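Below is one structure, written out as structure tokens; comments come after it.
The values are calculated or read from the model by the stated rules, or taken from the named source; none is laboratory data. As the structure is a prediction and not an experimental result, all values here were calculated from the model. Quick reminder, even Gly has a Cβ in these numbers, built from the backbone with ideal geometry, and neighbours come from all protein chains shown.
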Amino acid sequence: MAQEMAKENIAAMSKRLKKEQRALRLRRFRSNYGLTIGAVLFVLFVLIAAVGPLLMPFDPYAMKVTERLQAPSGTHLLGTDEFGRDLLTRIVYGARVSMSIGLVVALLSSLLGLVIGIYASYYKTLDHILMRICDGLIAIPGVLLAIALMAALGASSINVIIALTIVFTPNIARVVRSSALVVREQTYIEAMHAQGASDSRILWKHIAINTLSPLLVQATFVFAEAIISEAALSFLGAGIPAPEASWGNILHAGKLVIYKAWWMVVFPGVFIILSVLGLNLLGDGLRDFLDPRVKLRQKKS
């Protein structure tokens, strides 16, 4: 009887502790204004990319030359482009393209960077080889490297993803390697060695898991940088080919008529700025949320 009561008390205490921990995390989330604003902006743009095209009354590819370069009005809220296409519809469809490319690049770069980083931190021979390759890629300006890769691969959405993944993977690999080197020196890793645990088990069940927090933060920054880089490539004519809509090629078309149709440059630019701002705030907020010591060190300094 006493044992059953003890078990019930332990279960109740455990349940209460978990509830208090959830409440504490929620308070920390609400008090982190950067994280809150970034999360709201991120969710907003995800909804625009996912649901927005379904709500648009116009075809993003249907041309009406008689309505070209019309200013914002009740019919066309953000005006029309040089072919008479509704600009709001084009921007919303462009959000799906730009956000999808940014997301895929962030996921692929994170996965490759995780593999490269943890293996480089564990094996010295691989460390010298992989990190020198990463150093060489980092030494080349990202936009120039992406343009060179696009010139070799050709303009398409898949090639943009490949090029940007190659550009951003080295940065993530270095971040993961730095975190993995710290984890590798911990006492429990030495204990795992002493118990005869395999290298794969140590790498993936202990080292990799403990590098996920900085990896997640870095992935949000890569997401934002990928959106900007895709827009830059498309703006230069080396990214998403027309007539497919992306924020970059809308800006590319708008620069030719900027004095006649300012809305073709302003509104896509605002969407790019807000999406990147949201992701950067989300990344900064996640860094403080996942590792409060960072914020404490910043206050002390």
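Looking at Ala39, Ala12, Ala6, Ala2, can you tell me which residue is modelled with pLDDT of 85 or more and more than 30 Å from Ile258 (Cα to Cα)?
Step by step, each of Ala39, Ala12, Ala6, Ala2 is checked, and only Ala39 is modelled with pLDDT of 85 or more and more than 30 Å from Ile258 (Cα to Cα).
Give the residue that is surrounded by the fewest Cβ atoms within 10 Å (Cβ to Cβ), with candidates limited to residues of segment 153-166 that are of a type in the set (A, V, I, L, M) and at pLDDT 90 or above.
It comes out as Ile158.
Tell me, which helices (runs of 4 or more DSSP H) lie completely within segment 188-301 with 2 or more residues that are surrounded by fewer than 16 Cβ atoms within 10 Å (Cβ to Cβ)?
199-202, 212-235, 263-290, 292-300
If you check Phe45 against the conditions, is it of a type in the set (Phe, Trp, Tyr) and at pLDDT below 90?
Here the answer is no, as Phe45 does not meet what is asked.
Considering only segment 112-161, state which residues are under 27 Å from Pro243 (Cβ atoms), free of Cβ contacts under 8 Å to residues at least 12 places away in the same chain and not in a helix (DSSP H, G or I).
Gly154
So which residues in segment 55-92 are under 17 Å from Val266 (Cα atoms), assigned to a helix (DSSP H, G or I) and in contact with a Ser or Thr (Cβ under 8 Å, 6 or more places away or on another chain)?
Leu87
In segment 236-266, how many residues are of a type in the set (Lys, Arg) and in contact (Cβ under 8 Å) with a residue 40 or more places away in the chain?
Number satisfying all stated conditions: 1.
Based on what the data block shows, is Leu35 buried (at least 21 other Cβ atoms within 10 Å of the Cβ) and in contact (Cβ under 8 Å) with a residue 24 or more places away in the chain?
Against the criterion (buried (at least 21 other Cβ atoms within 10 Å of the Cβ) and in contact (Cβ under 8 Å) with a residue 24 or more places away in the chain), Leu35 qualifies.
So Thr165 fits all but one of (1) more than 30 Å from Asp199 (Cα to Cα); (2) out of contact with any Pro (no Cβ under 8 Å at 6 or more places or on another chain); what number is the exception?
(1)
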